[in-house]
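What follows is a single structure, written as structure tokens, with notes after it.
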Amino acid sequence: MLNQTLTEKFKKIQTPFYFYDIELLETTAQRAIAEADRFGYKIHYALKANSNHKILKLLSAAGFGADCVSANEIIRAVECGFNPKDIAYAGVGKTDREINTALDLGIFTFNCESLPEIENINHLAEKKAKTADIAIRINPNVDAHTHEYVTTGLEENKFGISEWQFDEVAEKIKLLKNVNLICLHFHIGSQITDMKVFETLCKRVNEIQTTFERFGIKLPHLNVGGGLGINYQNPDMYPVVDFKSYFEIFNKNLNLHSGQQLHFEFGRSIVAQCGSLITRVTYVKNGRQKNFVIADGGMNDLIRPALYQAYHKIENLTSTKDAKIYDVVGPICESSDCFAKNEPVNETQRGDILAIRSAGAYGEVMASQYNLRELPKAYYSDEIEQ
Ligand code: LLP
């Protein structure tokens with residue numbers, strides 16, 4: 001919770017910066033693990049959402065595995081305490097260098113997205129006299145009903161292997177001696193708020209699992225990815241997502257065989273609500289059609305509004321005046337450098353401190369130095385409050 005004491009501290013720090021509520025992160029992590037444990041499910045934290053050392057150390061200690069998309073993420077995960085045996089590695093374009101790193105560490109699965117990739121992993125594993133455990137990433141052709149840029153489970157997307165390729169891939173894998181197929185992997189998109197989508201996914205997973213069994217392939221693991229959406233409108237009312245109802249959907253609809261382990265890959269639902277981008281108002285520019293709040297944070301610090309037209313709630317932490325309608329923009333030389341249009345914010349003046357909420361996932365990790373700006377720093381509640 002962002003309170004008065006914190007605001008006084010924020011005033012003394014150079015803005016913009018990311019602020020993380022560690023208590024909320026701990027609560028979220030514990031709740032996710034506790035609800036997953038009820039069904040014996042394993043959660044891998046998707047590092048791409050936020051790969052800060054402190055956050056990763058907390059999550060590895062809480063009992064998460066990791067979901068990585070580059071060798072650098074794998075190395076970071078191991079540095080921060082994740083067991084390589086709990087690391088799933090996805091991505092359509094794994095390079096030889098990256099595959100070799102993962103082979104040396106001995107990860108849980110290479111989540112493979114194409115036949116050429118599987119053949120290459122087999123080849124590289126053979127050179128090291130190793131056998132790589134792999135998952136096939138399936139493109140189940142399920143519409144996630146989310147933004148097109150974060151939809152991944154449709155045939156038109158570049159991800160995964162589609163149904164018409166299954167028999168060819170299954171036959172080929174049986175011939176390859178240095179890969180061992182242990183898992184089917186699915187991830188259909190991100191910021192999914194329509195829970196029916198996950199029911200549909202379960203039904204597709206059941207069908208596809210049956211198809212693979214017909215090929216004589218039995219799988220000890222299933223991985224259904226991430227995608228669980230959060231509430232960007234009301235972060236204080238919904239600080240932690242409803243993991244219980246979410247897992248119940250899988251418990252009810254997915255046919256797990258006895259001894260088969262179900263895996264999830266959560267990014268946003270674990271870290272989004274604990275982070276805010278804190279920025280200071282440089283100018284307020286009143287126009288005839290619009291009033292602009294010009295903040296010192298920009299699209300280089302938090303690109304989600306510009307890239308996905310994403311909504312983030314904006315709070316003026318220093319004003320108690322009535323709300324006015326503003327466009328809240330950054331200093332970057334692009335019209336897309338806009339955090340919110342026609343947003344009600346307490347009447348604002350130069351020097352006020354704003355919190356752009358729910359920015360813990362895909363915020364700091366997507367920051368750039370565009371316009372030769374500095375990368376935003378990170379501050380944590382348990383350090384700042386001492
Ligand atoms: N597993 C795989 C294979 C993924 O590609 C992703 C996210 C996840 C798990 C984690 O999904 P989550 O639980 O966070 O929804 N930058 C975008 C989101 C991109 C998501 C990419 N893949 C945004 O800011 O909305």
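The values are calculated or read from the model by the stated rules, or taken from the named source; none is laboratory data. Computed from a prediction, not measured in an experiment: that's the story for all the values here. All Cβ positions, glycine included, derive from the backbone under ideal geometry; neighbour counts span all protein chains shown. The protein model used for the area step is the full one, side chains on, heavy atoms only, and it has no ligands, DNA or RNA in it. Shrake-Rupley method; radii C 1.70, N 1.55, O 1.52, S 1.80 Å.
Looking at segment 249-282 only, could you name the residues that are open to solvent by 70 Å² or more (accessible area, probe 1.4 Å) and within 20 Å of residue 64 (Cβ to Cβ)?
Scanning segment 249-282 gives a single hit, 251.
Looking only at residues that are assigned to a helix (DSSP H, G or I) and open to solvent by 50 Å² or more (accessible area, probe 1.4 Å) in segment 210-244, which one is modelled with the highest pLDDT?
244
I'm trying to understand the selection: among the residues of segment 190-207, which are touching a residue at least 60 places away in the same chain (Cβ under 8 Å) and outside any helix (DSSP H, G or I)?
Those that are touching a residue at least 60 places away in the same chain (Cβ under 8 Å) and outside any helix (DSSP H, G or I): 190, 191.
When you look at residue 362, is it more than 16 Å from the ligand (Cβ to nearest atom) and either open to solvent by less than 40 Å² (accessible area, probe 1.4 Å) or hydroxyl-bearing (Ser, Thr, Tyr) (or both), yes or no?
no
How many of the residues making up segment 79-93 are in contact (Cβ under 8 Å) with a residue 24 or more places away in the chain and within 16 Å of the ligand (Cβ to nearest atom)?
6
Inside segment 123-146, can you point out the residues that are within 16 Å of the ligand (Cβ to nearest atom) and open to solvent by less than 80 Å² (accessible area, probe 1.4 Å)?
Answer for segment 123-146, where residues must be within 16 Å of the ligand (Cβ to nearest atom) and open to solvent by less than 80 Å² (accessible area, probe 1.4 Å): 134, 135, 136, 137, 138, 139, 140, 142, 143, 144, 146.
In segment 180-189, what residues are more than 9 Å from the ligand (Cβ to nearest atom), in contact (Cβ under 8 Å) with a residue 60 or more places away in the chain and open to solvent by 10 Å² or more (accessible area, probe 1.4 Å)?
182
Filter segment 283-305 down to the residues that are open to solvent by 10 Å² or more (accessible area, probe 1.4 Å) and not in a loop (DSSP other than H, G, I, E, B) and list them by number.
Within segment 283-305, 283, 284, 285, 286, 291, 292, 294, 304, 305 meet the criteria.
Taking segment 42-67, which residues are closer than 15 Å to residue 185 by Cβ and either hydroxyl-bearing (Ser, Thr, Tyr) or without any contact (Cβ under 8 Å) to a residue 24 or more places away in the chain (or both)?
Result: 66, single match.
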